[in-house]
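First up is the structure itself, then whatever we jot down about it.
The values are calculated or read from the model by the stated rules, or taken from the named source; none is laboratory data. Quick caveat, the model's predicted, so the values are computed rather than measured. Every residue, glycine among them, receives a Cβ derived from its backbone with ideal geometry; neighbour counts consider all protein chains shown.
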2 protein chains.
Amino acid sequence: MHPIQVGDIAGVGCFTDSCRSCEECKDGDENLCSGTGGMQGTYGAACAEAKQPGGVTQGGYSGDIVVDESYVIKVPENMHVAAAAPLLCAGITCYSPFISHGIKAGQNLGVVGLGGLGHMAVKIGAAMGCNVTVITRDESKRELALSFGAKNVVISTDKVQMDAAAKSLHFIYNSIAFAHDIHPYLNLLKSNGTIIMVGGVPQGSMPAGSFALIPRNLRIAGSLIGGIRQTQEMIDFCAKHNIVCSIEMIDATPEAVEIAWKRTIASDVKFRFVIDTKATLPKLA
Amino acid sequence: MHPIQVGDIAGVGCFTDSCRSCEECKDGDENLCSGTGGMQGTYGAACAEAKQPGGVTQGGYSGDIVVDESYVIKVPENMHVAAAAPLLCAGITCYSPFISHGIKAGQNLGVVGLGGLGHMAVKIGAAMGCNVTVITRDESKRELALSFGAKNVVISTDKVQMDAAAKSLHFIYNSIAFAHDIHPYLNLLKSNGTIIMVGGVPQGSMPAGSFALIPRNLRIAGSLIGGIRQTQEMIDFCAKHNIVCSIEMIDATPEAVEIAWKRTIASDVKFRFVIDTKATLPKLA
């Protein structure tokens, strides 16, 4: 059934299993599994001690991983493996809401924040035929944004630019992951527009009342990665359109990871660090 | 062009004109008109002194009204005129989001609050083939809810009932118009579910952060009445399904209006007051 064969390159996304029997799993939304315990996270999730000493899944720090074939993604041939890896999280986190919200070619898509998620949203949105506008506080990201396929860049701290872009966007992909006021972004939406929230912000960011949405039929949507079938569809789409993640490769050493972590916190990564476990981790027997 | 003819009964909804040239007007979303001044409100809106002494539109307190044929709705023959009148506000405020969000027969629709809007949402949702669940704090509304076509009633203050209904609804129509916490209602949505907000609440009601939406791909949508073409479609749908608003008719006297107003504030109206201007207002020359 599954298209993956011995010898193929298998990708593993943010989860390695789910209950397989709840409504969501049956619908192909394993990422939203409502079975006991939900999806089995690839990293930071409790697991059997026999699977992983310590009882916590290690994700990208693993040298090897055992996953049922139903939960792996076939990485298309000729795709740069390291640059494909983050697609399995950042790529699907863009692709999935674009599909489920019916984003279409010719529509105006805003992308707020040009980080690991945002830069993928630009690439995928542009490949879908959208007119992509990047909204960023950082003028220095203009050239990069345009190089990824954006047609416009709006500096969020510049009121004149924000006013000029008012009511121009069908959708906004909001990748900001810290507390912020989304009203200035809601103002960029056309009537009936949707802002897609993917940055997990426990407090802040949401409007205080429904009047922020009602007068122009606006919508706020959350979105969490995507299901296995859709992730395969995403990576095939990316392969077709020559899209990979923009990455910096590092060694699997504590020192390299420490530096990468500090640079990530300082927003100094273009755009995902990938740990080269194959080259630098000791092999299992 | 317009189907209305001399002798027909013409209904006037919440607005009587709009700019006719903005993107929204061209799309048939005159209710969202983004032209200068937006839609011309039927009541409480500034207007020329020549149109209405005092310069404020008087809506349902008017004995006569002059409206361009492009902004009137043909009330189907044989429809009870008084009971049809509130459809032009409450009816379209349900019908429009049901259509734009693609609510389908067989889906589970929750209706929070069984007032003027909520009872119409039950009738229209049931006519669309949805399994309607009314969520109310008021046990005394159970029989009425069922009589309007609801299949289930959940008492919102009863934790056992709310827990039993968790993750069961594809859509929720939230008609509460005062500050309240929507988290208990979000919990009733299935994954990928949408809560439609129609009760204008300036403060309160919205989640504080995006984590309320992301883990289950939930959506919050605002919705404001509907356009002219869609309002005609709504009233034709209602005529086909024998749906009217449940009303109490009152005379156009200050005393009757005063009583009706106090009863409305006390939530004591089943479910819309209609002022019988034809019978009780003095005729214009």
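Applying the selection to the range B:9-48, what residues are part of a loop (DSSP other than H, G, I, E, B) and surrounded by fewer than 16 Cβ atoms within 10 Å (Cβ to Cβ)?
B:Ile9, B:Arg20, B:Ser21, B:Asp27, B:Gly28, B:Gly35, B:Thr36, B:Gly37, B:Ala48
Just a yes or no: is a residue in the range B:202-224 more than 14 Å from chain A (Cβ to nearest Cβ), surrounded by fewer than 23 Cβ atoms within 10 Å (Cβ to Cβ) and among the β-branched types (Val, Ile, Thr)?
no
From the list A:Gly110, A:Gly193, A:Gly116, A:Gly129, pick out the single residue that is within 19 Å of A:Pro97 (Cα to Cα) and touching a His at 6+ places or on another chain (Cβ under 8 Å).
Just one listed residue meets the conditions, A:Gly193.
Would the range B:68-84 turn up any residue that is within 14 Å of the chain's Cα centre (by Cα), under 29 Å from B:Met197 (Cβ atoms) and surrounded by 17 or more Cβ atoms within 10 Å (Cβ to Cβ)?
yes
State yes or no: is A:Cys94 closer than 30 Å to A:Val154 by Cα, crowded, with 16+ Cβ neighbours inside 10 Å and of a type outside the set (Gly, Ala, Ser)?
Answer is yes for this residue.
Would you point out the residue of the range A:239-255, among those that are aliphatic (A, V, I, L, M) and surrounded by fewer than 22 Cβ atoms within 10 Å (Cβ to Cβ), that is farthest from A:Ser191 (Cα to Cα)?
A:Ala252
Which of (1) within 14 Å of chain A (Cβ to nearest Cβ); (2) surrounded by 21 or more Cβ atoms within 10 Å (Cβ to Cβ) does B:Ile275 not meet, given it meets every other one?
(1)
Failed condition for A:Gly41, given (1) without any contact (Cβ under 8 Å) to a residue 40 or more places away in the chain; (2) more than 17 Å from the chain's Cα centre (by Cα), with all others met?
(2)
If you scan the range B:94-139, which residues turn out to be under 23 Å from B:Cys14 (Cα atoms) and either in the same structural domain as B:Val72 (by TED's automatic domain parsing) or among the charged types (D, E, K, R) (or both)?
The answer is B:Lys123, and nothing else.
Select from the range B:107-150 the residues that are surrounded by 19 or more Cβ atoms within 10 Å (Cβ to Cβ) and of a type in the set (Ser, Thr, Tyr) and list them in ascending order.
The answer is B:Thr133, B:Thr136.
Could you check the range B:151-172 and list, in sequence order, the residues that are farther than 27 Å from B:Cys238 by Cα, away from chain A (no Cβ under 14 Å) and either buried (at least 21 other Cβ atoms within 10 Å of the Cβ) or of a type outside the set (D, E, K, R) (or both)?
Residues satisfying the conditions are B:Ile155, B:Ser156, B:Thr157, B:Val160, B:Gln161, B:Met162, B:Ala164, B:Ala165.
For B:Asp236, work out the one condition from (1) out of contact with any helix residue (DSSP H, G or I) (no Cβ under 7 Å at 6 or more places or on another chain); (2) surrounded by fewer than 20 Cβ atoms within 10 Å (Cβ to Cβ); (3) within 27 Å of B:Phe178 (Cα to Cα) it doesn't fulfil.
(3)
If you go through the range A:192-208 one residue at a time, how many are over 25 Å from B:Gly28 (Cβ atoms) and of a type in the set (Ser, Thr, Tyr)?
1
Looking at (1) out of contact with any helix residue (DSSP H, G or I) (no Cβ under 8 Å at 6 or more places or on another chain); (2) closer than 23 Å to B:Ser223 by Cα, which is the only condition B:Leu146 fails?
All conditions are met except number (2).
Pull up the range B:5-43, narrow it to residues that are of a type in the set (Val, Ile, Thr) and touching an Asp or Glu at 6+ places or on another chain (Cβ under 9 Å), then point me to the one that is nearest to the other protein chains (Cβ to nearest Cβ).
Per the stated criteria, the residue is B:Thr16.
So, of the residues in the range A:239-251 that are part of a strand (DSSP E or B) and touching a helix residue (DSSP H, G or I) at 6+ places or on another chain (Cβ under 7 Å), which turns out to be nearest to the other protein chains (Cβ to nearest Cβ)?
Looking at the filtered set, the residue picked out is A:Ile247.
Take the range B:177-201 and flag every residue that is within 17 Å of A:Gly222 (Cβ to Cβ), facing chain A (nearest Cβ under 9 Å) and not hydrophobic (A, V, I, L, M, F, W, C).
Listed by number, the residues that qualify are B:Lys190, B:Ser191, B:Asn192, B:Thr194.
Please identify the pairs in which a residue from the range B:2-25 that is touching a residue at least 12 places away in the same chain (Cβ under 8 Å) has its Cβ atom under 7 Å from the Cβ atom of a residue that is loosely packed, with under 14 Cβ neighbours inside 10 Å and in a loop (DSSP other than H, G, I, E, B), counting only partners at least 6 apart or on another chain.
Within 7 Å, the pairs are B:Asp17/B:Asp68; B:Cys19/B:Thr36.
Any residue at all in the range A:87-110 that is under 20 Å from A:Leu189 (Cβ atoms), assigned to a strand (DSSP E or B) and away from chain B (no Cβ under 14 Å)?
yes
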